[in-house]
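Okay, so here's the structure we're looking at.
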Amino acid sequence: MVQQLTTGERQNALVILLCIFVVGLAMAALGGFDPFGVHGVVVMLYSGGIAALVMKHYYDPEPAPGRQSQYYDDPIKVAIAFSLAWAVFGMFMGVWTAAQLAWPDLAFDSGWSSFGRLRPTHTTGVIFGFGGNALIATAFHVVQRTSRARLAGQISPWFVLLGYNLFCIVAVTGYFMGVTQSKEYAEPEWYADLWLVVVWVTFFLLFLATIARRKEPHIYVANWYFMAFIVVVAILHIVNNLAVPISFARAKSYTIWPGVQDAMVQWWYGHNAVAFFLTAGFLGMLYYYLPIRAQRPIFSYRLSILSFWGITFFYMWAGSHHLHYTALPHWVQNLGMTFSVMLLVPSWASAGNALLTLNGAWHKVRDDATLRFITVAVVFYGLSTFEGSFLAIRPVNALSHYTDWTVGHVHAGALGWVAFITFGSLYTLVPSLWKREGMYSPALVEVHFWLAVTGTLIYVFAMWNSGILQGLMWRTYTQEGTLAYSFLDSLVAMYPYYIARAFGGLLFLLGAMVAAFNIWMTVREAPAAAEKQADIPDTGLAPGASPAPAE
Amino acid sequence: MPELFHRKIERTAIGFVIAIIAAASVGGIVEIAPLFTIHQTVEDTPDMRLYTPLELAGRDIYIREGCYGCHSQMIRTLRDEVERYGPYSLAVESKYDHPMLWGSKRTGPDLARIGGKYSDFWHVAHLTNPRDVVPESNMPAYRWLARTALDTGDLGLHLRAQQAVRVPYTDEMVANAAADAFGQAAPNSPFAAGVTQRYGEKTQVSAFDGVVPRLTEMDALVAYLQVLGRLTDAAYANTAAPQQAPNPTN
Ligand code: HEM
Ligand code: HEM
């Protein structure tokens, strides 16, 4: 890792780390025992730890002069490790919170472990920790391979990756201490948000600079999605997190947005976190790893264009479907509903494009568990977007809103689509990145696949049942015209489903642990692949290998 | 075949980024900007009052503990919700809320009109261990709230920041924040009068957790729960079938 840096770069890295360390020191001094101060210590430990690593290898030999004609894969490898660690952590938190809903005393009577504080550790752990690191890994990989160019920086990829993980660590440790803005998926406080802006702008510039080095005249489809993911998330993040801290020595802040406007801004953000974090970025993965794994070009280039711009344009209108029948003005609710229904067209265009790409390779889907991960992901993508458009229709939402049906929809998307496409991509990426013949154990990939499928189905069916049951119980009237069930009746009816969900989630978690083990063993033990084709950037001599979009 | 126009955009990274920003900006601008300019978005109500410092501290605890992950504070305009929880929520009721706490999940019931529904004593018992009061409940126990002293030192800073986001706290309110927090939970103390003077006669002044001299996080949280839905009576006037505002004798 450090060996890949020249002495000058090692010095620069140390300077940056020192600056961050000083910021942490200042935070600790100003904040004292406030969580702000504790986070100062976290920043110091993190930057100090990395600096120690750099110093340990400071006098290692310089990299060979040819490094610029190689792809830069070290940060990708570390990103994959982070992603898997967060997957296990985040899903463990998911199982724990799920269990708390069934057995509330599992909080052990402490503040840090009560449901309200653990819930965001789960969502942040899986979305930003697991998903985000996988996105960074694949974005770095795809942009280099499809542009046939090396990443446009030596230190900046590390800055993006390690800085991003610092953000995640500050976020999660904050929740345990009760530091949260309460905005779903934007819980971290102002200082973490500011830091993420710095990291994200670097990410954007790095990505753009790498694209600018490309040896292909055209930017490949997958990169469109990664670009949309990076750019739009930046806009959303900044607008939703505008806030006034009570002091520059305290963690607490108040958002500038009041009441109903805050609701609209929050769900404009929230829904597009789904769109550009949980969808666009992962579609980027799909458009690269699917054709690679299936060894077939993308079915239709025109369909890719249609779905890309449809998604980019329509999604941003849809946020108000989270606020049906609330105090938000009606015209906004109706706009949100309309665009959500139209959103089905580009969504299914992507899903259809992917399935038609597979057409003719079904025997591979049958034999290859990795390709099956990708295929199932596409099916769940189609399913959850259909469900989403359906839930956005006002009368349907009247039933589903506030219930477990939403949670069922979320996890059909999150487990079925996001996690499946990620694991499918990782199983494709890992052997090629570490130059192995294949995964350490194809049988374990198969085991993971079935654990994941079973877990997802149990989870989603339990939540569909409980959600619809709950919604119906809340609105059922007796013949005398009074409400038939108390709230408590509906709560008692939920317990069997909460237990089932915790069990389904446990299977999914076990699958993720199997994946982490298998990938670890692949790196350590699997036999090296014979060099088939040079996997190097185009320096003007050798023709590289990159998937061409079909016309 | 003539070259698709799109093939041109694909050749310029900057152009592509600008196109993405343009396509993605429209929706948000059209839906968000008018909410600030169209006057009817938030109703006018003369009787809307501010959270007292103690209630604001309670609200911050509500946020800190993630109560919003299980409880909504937004009664929708649907018959069964109005019958179960009370008149549907109006935009003006969260006018001073930074952030709003409408929530998206009802593992527990809606709390938009919980104020006045139960006694302080009930809330303290319930928060201490919900299963003592409601055996079937899966709500976490919050025993430590009654053991933890409320940090009033920063309350002035909190009100100052609220001023900065345009909640109309006066400088006098900011200056007296800590004293008012104490006074609201100590009915017979010299500080109590200032609270009603500054925040209105309807402010509930009581020994929320039952113990006067010590101001705890439990005091603050219960004070907040008791004011929910009672910052204004507008919702009761507005509903098709008018309802009585709760008026408990605590
Ligand atoms: C091991 C598997 C998992 C389990 C057991 C699990 C469990 C849970 C639980 C119990 C909740 C709270 C639901 C509630 O408040 O009623 C939740 C919420 C959530 N989870 Fe998971 N989860 C898992 C995996 C994932 C993954 C992989 C993702 C994303 C990639 C994810 C994303 C979310 C999101 C976004 C929410 C918030 C939903 C909302 O606010 O409506 N989960 N999960
Ligand atoms: C066409 C695409 C989609 C549409 C129109 C859509 C629509 C919706 C609707 C109507 C809700 C319920 C809002 C409520 O009643 O509170 C919802 C919630 C949600 N959806 Fe989707 N959805 C789509 C795709 C997806 C995908 C692919 C994911 C991926 C993981 C996803 C993740 C979520 C999450 C996390 C929530 C919960 C938000 C919260 O309450 O915390 N959605 N979506």
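The values are calculated or read from the model by the stated rules, or taken from the named source; none is laboratory data. Treat the numbers as computed from the prediction; the structure is a model and nothing was measured. All Cβ positions, glycine included, derive from the backbone under ideal geometry; neighbour counts span all protein chains shown. To get the accessible areas, we keep the full protein, side chains included, count just its heavy atoms, and leave off ligands, DNA and RNA. Shrake-Rupley method; radii C 1.70, N 1.55, O 1.52, S 1.80 Å.
Odds and ends about this structure:
- Selection of segment B:39-84 for residues being more than 7 Å from every other protein chain (Cβ to nearest Cβ), more than 29 Å from B:SER206 (Cα to Cα) and open to solvent by 30 Å² or more (accessible area, probe 1.4 Å) yields B:HIS39, B:GLN40, B:GLU43, B:ASP44, B:ARG79.
- Residue check, A:VAL453 open to solvent by 10 Å² or more (accessible area, probe 1.4 Å), part of a helix (DSSP H, G or I) and within 15 Å of ligand 2 (Cβ to nearest atom): no
- Of the helices (runs of 4 or more DSSP H) entirely within segment A:315-427, those holding at least 2 residues that are open to solvent by 20 Å² or more (accessible area, probe 1.4 Å) and away from every other protein chain (no Cβ under 11 Å) occupy A:330-342, A:344-358, A:362-367, A:369-391, A:404-411.
Conditions tested, residue by residue: (1) open to solvent by 10 Å² or more (accessible area, probe 1.4 Å); (2) within 16 Å of ligand 2 (Cβ to nearest atom); (3) touching a residue at least 12 places away in the same chain (Cβ under 8 Å).
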position	(1), (2), (3)
A:GLY94	yes, yes, yes
A:ALA139	no, no, yes
A:SER147	no, no, yes
A:ILE155	yes, no, yes
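- Of the candidates A:GLY49, A:GLY66, A:GLY37, A:GLY31, the single residue that is closer than 30 Å to A:PRO245 by Cα and exposed (fewer than 13 other Cβ atoms within 10 Å of the Cβ) is A:GLY49.
- Set A:TYR485, A:TYR440, A:TYR495: member being more than 29 Å from the chain's Cα centre (by Cα) and part of a loop (DSSP other than H, G, I, E, B): A:TYR485
- Conditions (1) within 11 Å of chain B (Cβ to nearest Cβ); (2) open to solvent by less than 10 Å² (accessible area, probe 1.4 Å); number of the one not met by A:ILE256: (2)
- Yes/no for A:ALA234 being part of a helix (DSSP H, G or I), at pLDDT below 95 and surrounded by fewer than 24 Cβ atoms within 10 Å (Cβ to Cβ): no
- Looking only at residues in segment A:173-198 that are surrounded by 19 or more Cβ atoms within 10 Å (Cβ to Cβ), within 19 Å of the chain's Cα centre (by Cα) and more than 16 Å from ligand 1 (Cβ to nearest atom), the one that is farthest from the other protein chains (Cβ to nearest Cβ) is A:TRP195.
- Residues in segment B:85-106 that are touching a residue at least 40 places away in the same chain (Cβ under 8 Å) and more than 9 Å from chain A (Cβ to nearest Cβ): B:GLY86, B:PRO87.
- Some residue of segment A:486-498 being modelled with pLDDT of 95 or more and more than 30 Å from A:VAL95 (Cα to Cα): no
- Output for segment A:461-497, where each listed residue is open to solvent by 60 Å² or more (accessible area, probe 1.4 Å), under 21 Å from A:GLU387 (Cβ atoms) and of a type in the set (S, T, N, Q): A:ASN465
- The one condition in (1) facing chain B (nearest Cβ under 9 Å); (2) assigned to a helix (DSSP H, G or I); (3) over 15 Å from A:GLU184 (Cα atoms); (4) among the polar types (S, T, N, Q) that A:GLN266 fails to fulfil: (3)
- Helices (runs of 4 or more DSSP H) contained entirely in segment B:1-75, each with at least 2 residues that are aromatic (Phe, Trp, Tyr): B:13-37
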